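The values are calculated or read from the model by the stated rules, or taken from the named source; none is laboratory data. Quick caveat, the model's predicted, so the values are computed rather than measured. All Cβ positions, glycine included, derive from the backbone under ideal geometry; neighbour counts span all protein chains shown. Surface accessibility is based on the protein's heavy atoms, side chains included, excluding ligands, DNA and RNA. Shrake-Rupley method; radii C 1.70, N 1.55, O 1.52, S 1.80 Å.
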Amino acid sequence: MDFRLRDEQLALRDTVVSFCKGHFDVAAVASREGLAAAPGAWSELTGIGVLGMLVPDEVDGAAPGGAAEVAIAFEELGRSLCLGPVLWSTLAAPLVPGVEAGEVRVAGVRVEPGRPAGAVAVEHAAESDVLIVLYPDRVERLDTADLPVSVAGEPFDPLTPTAVFETLPSGTVVGGAEEAARLGLLGTALSAALLVGTAQGALDVAAGYAAQRKQFGVPIGSFQAVKHLLADMYVRVALARSATYAAAAMIDDPRAGDAVRAASAAKLLAGEAGIGNGRAAVQVLGGMGFTWEMLPHYYLKRAWLLEQGFGTSDHHALALADTLAAEPGVALDGTTTVVNG
C-alpha cells in the first residue's frame with residue numbers, strides 16, 4: 001500500500017502554503033490580534049477551493065475533496081495560525097448556501113452529551129453570518145443577528161475573538177442525528193489537523209531559534225538537552241500527523257478501519273502534540289519564550305483553544321478506553337484474557 005501523498009494533494013498543500021505566506025505570515029502575527037479575517041483573505045481562501053471541498057457537485061454528487069484533502073489544507077492553515085471561522089465554515093458548506101462562494105461565514109459550537117445548561121462560548125461570532133449548533137440528536141442553524149447580546153468573555157487565543165452567550169435560542173433544524181454524528185466525526189479529524197499544524201509551527205520556531213541562538217560560542221541546538229526537547233517535539237508531530245491522516249483516510253473509505261476510533265486517537269495525539277510543543281517552544285526560547293512579543297505563546301494558546309473543540313484529550317482517552325474494554329479478550333486492567341473457541 002502506498003502511503004505517499006498524490007501529486008494533486010502535494011499541489012494542494014503548496015497552494016495553501018503560498019496562500020498562508022501571503023495572508024497569514026507568522027512574522028507579523030501580532031498585527032492580527034483580535035481581528036476578523038480580512039475580506040481579501042477570505043475571498044482568496046474561497047478561490048483556492050478550501051471552503052467548498054466538502055460540497056457535493058450538483059451533477060455527479062461527488063465532492064471535490066475528501067477528509068484527507070481538507071486535513072492536508074488545514075494542517076498548513078494551523079501552522080500559519082490562520083484567522084476566521086475556517087473549520088465551521090468548511091464543515092457547514094454543504095448545509096449553508098453561500099459559504100462555498102465566500103458570501104457567508106459560519107461559526108459553530110458543539111453541545112456535548114450530558115453537558116449542563118449554562119453559558120456558551122462561540123468563536124468568531126461577531127464576524128459570522130450563521131451559527132451552527134451541533135446537538136447529539138440534531139443540527140440547528142441560527143442567524144447570528146438573532147443571537148442575544150453577548151456577555152464579556154476572555155478568549156484562550158488572542159487571534160480568535162470569542163463571544164459568550166448565557167443561552168442560545170432554538171434554531172432551524174437542518175439535520176438529524178446521523179448528520180450530527182457525521183459533522184462531529186469530521187470536526188474531530190479536522191480540528192486534529194489544525195492542531196498538527198500548530199504543533200509543527202511551534203517546532204519550526206523552536207528549531208529555528210536553537211539554530212541561531214549562540215551560547216559559549218556555539219548554537220544552543222548543539223546542546224544535548226535542547227536536542228532532546230526538539231526530538232520529542234518532532235516525534236509528537238510525526239505521530240499526530242500519521243494518526244490524523246489515517247483518521248481522514250478512514251472517513252473517506254470506512255473499509256480502511258474504524259473511523260470513529262481513529263478520529264479519537266488523532267484528536268488525542270494532536271492535542272498532546274499541540275500543547276506539548278507549545279510549552280516546549282517556550283522552554284527552548286528561554287527567558288524570551290514567555291514574552292508576548294515572541295511566537296511560542298500564540299501556538300500554545302491556539303492549541304489550548306483547539307483542544308476544547310470536538311472533545312478534549314481526556315474525553316477521547318476515555319472513549320478509546322471504552323472501545324478497547326468492549327473488545328473480546330481485553331480486560332479492564334489492560335491484560336489479555338483467553339477466549340475459548
| task | Report, ordered by the first and then the second residue, all pairs with beta carbons closer than 9 Å, sequence separation of six or more or different chains, a first member in region 210-225 that is under 21 Å from Leu295 (Cβ atoms), and a second member that is acidic (Asp, Glu) and open to solvent by 70 Å² or more (accessible area, probe 1.4 Å). | result | none
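Just for region 42-82: of the residues that are among the aliphatic types (A, V, I, L, M) and open to solvent by 10 Å² or more (accessible area, probe 1.4 Å), which one is farthest from Gln9 (Cα to Cα)? Break it down into steps so the answer makes sense when it comes.
Just the residues of region 42-82 that are among the aliphatic types (A, V, I, L, M), to begin with: 45, 48, 50-51, 53-55, 59, 62-63, 67-68, 70-73, 77, 81.
From the residues that got through so far, the ones that are open to solvent by 10 Å² or more (accessible area, probe 1.4 Å) too are 48, 53-55, 59, 62-63, 68.
Working: Ile48: 13, Met53: 13, Leu54: 15, Val55: 18, Val59: 23, Ala62: 17, Ala63: 15, Ala68: 9 Å.
Across region 42-82, the extreme among qualifying residues is Val59.
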| request: Would you point out the residue of region 146-181, among those that are β-branched (Val, Ile, Thr) and over 30 Å from Pro296 (Cβ atoms), that is nearest to the chain's Cα centre (by Cα)? | output: Val174
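For region 145-154, does any single residue satisfy the condition of being under 14 Å from Val109 (Cα atoms) and at pLDDT below 95? Write out each step before concluding.
Taking region 145-154 first, the residues under 14 Å from Val109 (Cα atoms) are 147.
Still in the list and also at pLDDT below 95: 147.
Looking through region 145-154, at least one residue is under 14 Å from Val109 (Cα atoms) and at pLDDT below 95.
Can you find, within region 281-292, the residue that is modelled with the lowest pLDDT among those that are within 24 Å of the chain's Cα centre (by Cα) and open to solvent by 10 Å² or more (accessible area, probe 1.4 Å)?
My answer is Phe290.
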| message | Among the residues that make up region 125-133, is at least one of them open to solvent by less than 40 Å² (accessible area, probe 1.4 Å) and touching a residue at least 60 places away in the same chain (Cβ under 8 Å)? | response | yes
| All positions within region 213-230 that are within 17 Å of Val282 (Cβ to Cβ) and either open to solvent by 90 Å² or more (accessible area, probe 1.4 Å) or under 24 Å from the mean Cα position of the chain (by Cα) (or both) | Arg213, His228, Leu229, Leu230
| query | Looking only at residues in region 105-122 that are touching a strand residue (DSSP E or B) at 6+ places or on another chain (Cβ under 6 Å) and either closer than 20 Å to Ala181 by Cβ or modelled with pLDDT of 95 or more (or both), which one is most open to solvent (accessible area, probe 1.4 Å)? | reply | Arg110
| Any chance Val17 is more than 22 Å from Ala202 (Cα to Cα) and of a type in the set (Val, Ile, Thr) | no
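Pick out the one residue from Arg255, Arg261, Arg182 that is in contact (Cβ under 8 Å) with a residue 12 or more places away in the chain and not small (Gly, Ala, Ser). Explain how you work it out, then say what you get.
Values: Arg255 fails: in contact (Cβ under 8 Å) with a residue 12 or more places away in the chain; Arg182 fails: in contact (Cβ under 8 Å) with a residue 12 or more places away in the chain.
Criteria check complete, one pass: Arg261.
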| remark: Of the candidates Gly171, Gly187, Gly208, the one satisfying the condition of being of a type outside the set (A, V, I, L, M) and surrounded by 20 or more Cβ atoms within 10 Å (Cβ to Cβ) is Gly187
| Do we find a residue being modelled with pLDDT of 90 or more, open to solvent by 40 Å² or more (accessible area, probe 1.4 Å), closer than 29 Å to Leu134 by Cα and within 13 Å of the chain's Cα centre (by Cα) anywhere in region 320-337? | no
| So which residues in region 1-34 are touching a residue at least 60 places away in the same chain (Cβ under 8 Å) and either surrounded by 13 or more Cβ atoms within 10 Å (Cβ to Cβ) or under 15 Å from Ser80 (Cα atoms) (or both), if there are any at all? | Leu5, Gln9, Leu12, Arg13, Val16, Cys20, Val26, Val29, Ala30, Arg32, Glu33
| Residue check: is Glu100 free of Cβ contacts under 8 Å to residues at least 60 places away in the same chain, surrounded by fewer than 24 Cβ atoms within 10 Å (Cβ to Cβ) and under 15 Å from Val50 (Cα atoms)? | yes
